[in-house]
1. Of all residues being basic (Lys, Arg) and within 15 Å of the ligand (Cβ to nearest atom) in the stretch 82-108, which is least open to solvent (accessible area, probe 1.4 Å)? Just the residue, please.
2. Restricting the search to the stretch 122-165, which residues are in contact with a helix residue (DSSP H, G or I) (Cβ under 7 Å, 6 or more places away or on another chain), at positive phi and more than 10 Å from the ligand (Cβ to nearest atom)?
3. How many residues are over 20 Å from Lys89 (Cβ atoms), part of a loop (DSSP other than H, G, I, E, B) and open to solvent by 60 Å² or more (accessible area, probe 1.4 Å) when one looks only at the stretch 46-74?
4. Provide a single number: the residues in the stretch 6-22 that are part of a helix (DSSP H, G or I) and surrounded by fewer than 13 Cβ atoms within 10 Å (Cβ to Cβ).
5. Among the numbered criteria (1) assigned to a loop (DSSP other than H, G, I, E, B); (2) crowded, with 19+ Cβ neighbours inside 10 Å; (3) of a type outside the set (Phe, Trp, Tyr), which single criterion is violated by Asn152?
6. Among the residues of the stretch 114-125, are any surrounded by 19 or more Cβ atoms within 10 Å (Cβ to Cβ), at pLDDT 95 or above and part of a helix (DSSP H, G or I)?
7. Any residue that is in a loop (DSSP other than H, G, I, E, B) and among the aromatic types (Phe, Trp, Tyr) - is there at least one of those in the stretch 30-45?
Amino acid sequence: MNKLHEVIEEVLVSEEEIQQACKRLAAQVSQDYKDKEPLMVGLLKGCIPFIADLTRQMDINVQIDYMAVSSYHGGSSQSNEVKIEKDLKTSVEGRNVIIAEDIVDSGATLQKVIGLFEYRGAKSVEVVTLLNKQAGRKIRMIPKYVGIEIPNKFVVGYGLDWADHYRNLPYIGVVKKELL
Ligand code: PRP
């Protein structure tokens, strides 16, 4: 693997912009859920920096749990399947669930997880995502809370990986094309 910062051709979202987005999203979510005792579900692994920064800026009591899923993207969006690698410890039945994502791309992961939580009896399910890559969408998926819209570029950092590396970059960067 290459050295950390050397694979980056452009910083797309700076550390300061990320923190501003977290602050704005935290205020919105805190306002909307102030009497709802939400359960925030982070989808591993990419959610970790975002959910940590987001929830520490919230001023309401929020329960946090994590889930790991892996996607198998087949030939059509209908054939996409999500396998649960690690399930929640908390029941979502009757809960106001907020799924925290680092990025929404095709929307396939969220579609499956939202469907699962609805099947399990969640009272409501909404999504907060730091990044939204609308150009990557293969199905209709509109996250309620979006930090930053990004173009259709391959990005890493702040939880997002390239072959499970570069998650610890403190900013969101575009990987040099010649390396991909
Ligand atoms: C990434 C990201 C989202 C998903 C978005 O996770 O964290 O969960 O992909 O893509 P989609 O909208 O096309 O479904 P990934 O499966 O790479 O796992 P990771 O979080 O462990 O990196």
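The values are calculated or read from the model by the stated rules, or taken from the named source; none is laboratory data. It should be emphasised that the depicted structure is a prediction, and the values quoted were computed from it without experimental measurement. Counting neighbours? That spans all protein chains shown, and the Cβs are built from the backbone with ideal geometry, glycine included. Each accessible area value is taken on the protein alone, full model and side chains, heavy atoms only, with ligands, DNA and RNA left out. Shrake-Rupley method; radii C 1.70, N 1.55, O 1.52, S 1.80 Å.
1. Once the filter is applied, the top-ranked residue is Lys86.
2. Across the stretch 122-165, the qualifying residue is only Tyr158.
3. Of the residues in the stretch 46-74, 3 are over 20 Å from Lys89 (Cβ atoms), part of a loop (DSSP other than H, G, I, E, B) and open to solvent by 60 Å² or more (accessible area, probe 1.4 Å).
4. Going through the stretch 6-22 one residue at a time, the tally reaches 3.
5. It fails just one condition, (2).
6. Scanning the stretch 114-125, I find at least one residue that is surrounded by 19 or more Cβ atoms within 10 Å (Cβ to Cβ), at pLDDT 95 or above and part of a helix (DSSP H, G or I), so the answer is yes.
7. Looking through the stretch 30-45, at least one residue is in a loop (DSSP other than H, G, I, E, B) and among the aromatic types (Phe, Trp, Tyr).
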